[in-house]
1. Just need the relative contact order of segment 101-285 here, percent rounded to a whole number, with Cα pairs under 8 Å and 6+ apart.
2. Over all directions, what mean area does the Cα convex hull of segment 75-210 project, stated in square nanometres?
3. Taking 8 Å as the Cα distance limit and 6 or more residues as the minimum spacing, I'd like the relative contact order of segment 188-249 as a percentage.
4. Compactness ratio of segment 114-165: Cα Rg over 2.2 N^0.38 Å, N = residue count?
5. In sequence order, what are the phi-derived ³J(HN,Hα) couplings for segment 207-221 according to the Karplus relation 6.51 cos²θ - 1.76 cosθ + 1.60 with θ = phi - 60°, rounded to whole Hz, with x for glycine and proline?
6. Return the long-range amide H neighbours of Gly226 (sequence gap of 5 or more, or a different chain), with a cut-off of under 5 Å between placed amide H atoms.
7. For a protection proxy built on the mean count of beta-carbon atoms within 10 angstrom, sort 390-401, 140-151, 108-119, 34-45 highest first, please.
8. Consider just the alpha-carbon atoms of segment 148-255 and return their Rg together with their Dmax, both in angstrom.
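Just so it is clear, none of the values below were taken in a lab; they were calculated from the coordinates. Nothing here was measured: the structure is a model prediction, and the numbers come from that model. Note that each Cβ is placed from the backbone with ideal geometry, even for glycine, and that neighbours are counted across all protein chains shown.
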Amino acid sequence: MFDNLSGRLQATLKRLRGEGRLTGDNIRDALREVRTALLEADVALPVVKDFIERVRVKAVGREVASSLSPGQVLIKVVYDELVALMGSANEKLNLAARPPAVILVAGLQGSGKTTTVAKLARFLIQREKKTVMVASVDVYRPAAIEQLQKLAASVGSEFFPSRSDQMPVEIARQAVDAARKRLLDVVLIDSAGRLHVDEAMMQEIRAVHAAIQPIETLFVVDSMTGQDAVTTAQAFNNALPLSGLILTKTDGDARGGAALSIRQVTGRPVKFLGVGEQSDALEAFYPDRVAARILGMGDILGLVEEVTRSADRDKAREMSRKLAKGKGFDLADFRDQLQQMEKMGGMAGLMEKLPGIGEVSDAAKARLSDRQTSRLVAIIDSMTPQERHTPEIIRGSRKRRIAAGSGTAVQEVNRLLKQFDQMQKMMKRMGKGGFQRMLRDVKGRLPGLPG
């Protein structure tokens, strides 16, 4: 997400290096390019105009400290305004209600609404430690009810059954009553989607809303539809008292205009981002972290949280003990690390959170893609246990056999062995106390982490 915008903004702000202070003249061209970049990212024109004017007013005349370049000063101004534009802080779900807390989820057909309901259920179960029931009132598409039932089973949520011959309002009432009787914490109601906004749809969802009085009414919108997403969200916001928005398919949206426009236009906060197809691919929306990613600063706190949440702690302890005893890091360990990475959203998801990733060439990013990670795992899987433990024995004929078995080329096997050799050297340093030193360094740089 934001790939194009991020590249353009970073290139533009770099051009101010060497200036002594920010003036109307030396930032005029920079702001013109920022404006173009935002418009190309499909940010709504009124939002762009207001944003550029606020940046200009705050930046002109600001002194540049000896330790900073004008580009860095302007980056700070742009960063602050991006955060303000997107909502300043993460707004969590309001679950402070007598159980069950009722959440109504609305959206157009094809926006990923039903999948998002399941993702949200998993999020509440795993991260908020809540008991959850889901129910569908989409009586027009029996397949949607079946889909939600399967998804509920996969994420560990309870499912309230419904049929296409029932009334949506009655289903919603019965689901809330069932959740109350079972002493569940949250009930998620998946409303009917349509191909477009129409009055019949609005009347129905207003009736469901009135019947169950949800504490949260969330609108799911496809970020890839750009300004159409903002227009649709505005129409729903006029019909319903929306409490928040969920942007889906952000992993496929290189522009990001909806994320930057939708809060300003609707006045409603973005609460979550859908970042993939898997049931765990839902992220809480933090405006400061998103702004940092756009400007190439990365999202270290998000990365730390992802590692803490997804890492296999038993394997991590086993690795620590192994290194502490001076035992070698072998290819089986390397494969475990690659698979852990895939659990944390893949290489693409991790790279997006790394500072300075905008400086990395597209060719280098391609070499670090999720597809490449899968190929590395396939190569290691094609080795014998002895080869994984002592890679020094992997020579000519063994390399050809491994390449054939993994569907790769000998050059790729060579590249893997070279990468592994570098990783092994790093692990040896960690085994001699380097890991603890590195951990202390990282903690010292991250706010909010104990030293």
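1. Averaging sequence separation for qualifying contacts and normalising by length gives 26 percent for segment 101-285.
2. 10.0
3. The value is 38 percent.
4. 1.09
5. Each residue's phi maps through the Karplus curve to give 5, 4, 4, 5, 6, 10, 6, x, 7, 10, 10, 9, 10, 9, 9 Hz.
6. The list, which skips near neighbours in sequence, is Ala258.
7. Result, highest mean first: 108-119, 34-45, 140-151, 390-401.
8. 15.2, 46
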